[in-house]
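Structure first, then comments.
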């Protein structure tokens, strides 16, 4: 049994305790209450709220560099394309994915529509339209963290029933971007709107232009950069590190390592959930101002190690997430 009334059903399999249900919490998610406590004690944290004035330039640099690399590789061999995609393009595309995450919180401009346009622009090298749809589901993840049937960041029961051994977990990690992207479309589909159409049209237009002017290999490089960067890759460790429960009393974990420099500091994940209005490049200041609220929490220094732990620890899998019922969770706005 864990803190806060969590419940987990387990069974003995070859001497290993295998989870057969999620961890259930009967308390609200921890971030809203911690936010209130910190702001009461350190009201100066509100001075960190607001957009990142350099976001546009950082996004533009990554987009242009990745598109240039795609055109440069138009006649390269597929092995070379794969190698460059893994060791170079994956970092850029994952950076842009996390730029879209930043923009979903309107942290580049004060005017929301400008953030949406920049998100569509940041989407271009990713190859698949996802910026607008991601925002819809991600903001629900913040407002209803862990709520059954609403938070689509949590794996499905089907995933959890299938991914039960090391081999299956390896495959799940390699293809986790597909699960992450497709899960909400199957479990909680939302009707597309005007902005999805804009996102789709611009993205497909870019993809078609890439093929028409430079060939399929250029587009293939972009798609491969997205795929490998979201799978068995150090950058993708944040998908697991953020909310997979390795310590039953804790449902959100931060990462304090060098890859924060390339990922809009998404590793400061407790800090981000506590204060989603603070841009990534200032999140470290939250921990500096209010260290007593974070130093006692479990954290990581290596995303690669987190992936290894997830795969090799036979007690950990897709069920290693905290869930709660809607009636027990307060509807919170950012």
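Values quoted throughout were computed directly from the atomic coordinates according to the rules given, and no laboratory measurement underlies them. All values reported here derive from a predicted model rather than from experimental measurement.
Below is a table of values for the structure above.
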quantity: The chain, helix-only ellipticity at 222 nm - DSSP H runs n ≥ 4, -39,500 (n - 2.57), divided by all residues, nearest 500; calculated: -15000 deg cm²/dmol
quantity: On Cα atoms only, tilt of 30-41 relative to the major axis of the chain in degrees; calculated: 80 degrees
quantity: C-alpha long axis of helix 176-187 to longest principal axis of the chain, angle in °; calculated: 70 degrees
quantity: Counting DSSP beta bridges with both ends in the chain, the antiparallel % (nearest 5); calculated: 45 percent
quantity: Helix 194-214 vs. the chain, principal-axis angle (Cα, 0 to 90°, nearest 10); calculated: 40 degrees
quantity: Prolate/oblate/rounded label for segment 24-78 (Cα gyration tensor, a/c 1.5); calculated: oblate
quantity: Cα gyration tensor category, rounded, prolate or oblate, for segment 117-245 with a/c compared to 1.5; calculated: oblate
quantity: Choice from 153, 52, 75 with maximal GNM fluctuation in the chain (Cα, 10 Å cutoff); calculated: 75
quantity: Listed candidates (1) 26; (2) 23; (3) 30 - label of the one calculated as percent of Cα pairs over 33 Å apart; calculated: (1)
